[in-house]
Structures are given as structure tokens and as C-alpha cells.
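This report concerns only the one structure given below.
The values are calculated or read from the model by the stated rules, or taken from the named source; none is laboratory data. Fair warning: this is a prediction, and the values are worked out from it, not measured in the lab. All Cβ positions, even for glycine, are placed from backbone atoms using ideal geometry, and neighbour counts span all protein chains on display. We work out accessible area using only protein heavy atoms, side chains counted, and drop any ligands, DNA or RNA first. Shrake-Rupley method; radii C 1.70, N 1.55, O 1.52, S 1.80 Å.
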Amino acid sequence: MRIACASGKGGSGETSVGVMLALSLAAAGKGVRVSDHDPQLGLLGWMEHLAGKGLLAFKKISPTGGVVGEGEPSHEIGDFAPEEPSTLAGKVAGWDLVLVPTRPSPLDVEAAAAVVSALENPGKARLLWNCLDGSKLSDPEALASMLRNHPGLKPMRAGLKNRAAYRYVQVSGLDALTREAREELLAVGMEVFA
């Protein structure tokens, strides 16, 4: 399965989500191809950093890609820079699933809706709520309200709370995650690969 992490707005968690999915698959014994379509090369940078610390098996195979884990890659995770919706839609057109990390704010929801509506097949996109911090905007009623005017946005059941927990992975690998963060990530992975 080829999974694109993409959004029309920066800071929504595209790179973090891509990294966590790739690391989780590798930890489960899967080989994962990663491709970085963001000029910042954050996804690739995380992989090289963790490999340099001996926390991850990673082989760079091109200036913007590599293989994480052992064995033949069974999945590919792509990280895409935020761009104008129709441009971004063209870049993710050949991917099986477009995961759209979205923070609980009207601006992020509008950006996600613009990208999803620009896709040739909007049904292959899933909104992933990110940074559900317990504020009023993270309340299920508020989230549903933000989606009312965007029937094309299909949110995942799983979501991610405070993204800060995932930053520690840069230092210590997946072992740095709290139990709660691991459970959130597992729920996302199970829904993506169901």
C-alpha cells in the first residue's frame, strides 16, 4: 500500500505522521519504502538521524528516498509539502491512500477540504485529527461542527492527541513513546491497514 501524508497547510503533522507510520511498520518487521516530496526533507532527515544513532535500520536509495526496516518493502510512506490544492492533488494521484493530518481549527479544516475536493478520487482520502489537546476545539461536537460544511471529508475514528510526545522519537526511537502515544499510533495504524 502506498500512503501519502499530505495537507494544504504546513504544521499539520504530515512529516511526523509519516515518520511514525514508517517506524511502526518497521518495528512490526516490515520493510517500508519512504519517499520525501518536501524540499525540507524532514522525513528522510529523521530516518538518517535515527539510523546514525543505531536506532533504526535504514538504507538511503536515492536523494529523496530509502528503505526502513528489514526485508523487501511491502508499503511506501510519502511525505508531501503543502502546496496549492490542485498541484498537490496531482502529485498524490497515484497513491492508494491520502492521509490528511489536520489540527482542530477551522483554518486547517478548510485547507484539508480544499485538497480533498481537488483529488480525482476524494474517496481515497482520510482526515486524521492531530493535536487533539483537550481544548474546546478538540471536543467531538466542535470537530463535527467544523466538518458539517465539508461532507467530502472522511475523518478516521482514531486520532492523535499531543504531538509533542512524538518529538522524543527523534532522540530515542520508538522506545521514547509513552504508553498513551503508542496506543494512539497503534489505533491509527490498525485503521490505515485494516
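In summary, Leu88 fulfils each of the numbered conditions (1) in contact with a Pro (Cβ under 8 Å, 6 or more places away or on another chain); (2) part of a strand (DSSP E or B); (3) among the hydrophobic types (A, V, I, L, M, F, W, C); (4) farther than 25 Å from Ser172 by Cβ with the single exception of condition (2).
Scan segment 183-194 and tell me whether some residue there is open to solvent by 30 Å² or more (accessible area, probe 1.4 Å), among the aromatic types (Phe, Trp, Tyr), closer than 30 Å to Ala57 by Cβ and over 15 Å from the mean Cα position of the chain (by Cα). The answer is no, given that none of the residues of segment 183-194 is open to solvent by 30 Å² or more (accessible area, probe 1.4 Å), among the aromatic types (Phe, Trp, Tyr), closer than 30 Å to Ala57 by Cβ and over 15 Å from the mean Cα position of the chain (by Cα).
Filtering segment 26-68 to residues that are among the aliphatic types (A, V, I, L, M), closer than 26 Å to Glu84 by Cα and either surrounded by fewer than 18 Cβ atoms within 10 Å (Cβ to Cβ) or out of contact with any Lys or Arg (no Cβ under 8 Å at 6 or more places or on another chain) (or both) leaves Val34, Leu41, Leu43.
List every residue pair whose Cβ atoms sit under 9 Å apart, with the two residues 6 or more apart in sequence or on different chains, where the first one lies in segment 3-25 and is without any contact (Cβ under 8 Å) to a residue 60 or more places away in the chain and open to solvent by less than 10 Å² (accessible area, probe 1.4 Å) and the second, anywhere, is assigned to a helix (DSSP H, G or I) and not aromatic (Phe, Trp, Tyr). From segment 3-25, the pairs are Ala22/Leu43; Ala22/Met47. Of the residues making up segment 112-134, those that are out of contact with any strand residue (DSSP E or B) (no Cβ under 8 Å at 6 or more places or on another chain), under 25 Å from Ala181 (Cβ atoms) and open to solvent by less than 50 Å² (accessible area, probe 1.4 Å) number 2.
Exactly one residue out of Leu107, Leu43 is in a helix (DSSP H, G or I), under 17 Å from Gly8 (Cβ atoms) and not β-branched (Val, Ile, Thr): that is Leu107.
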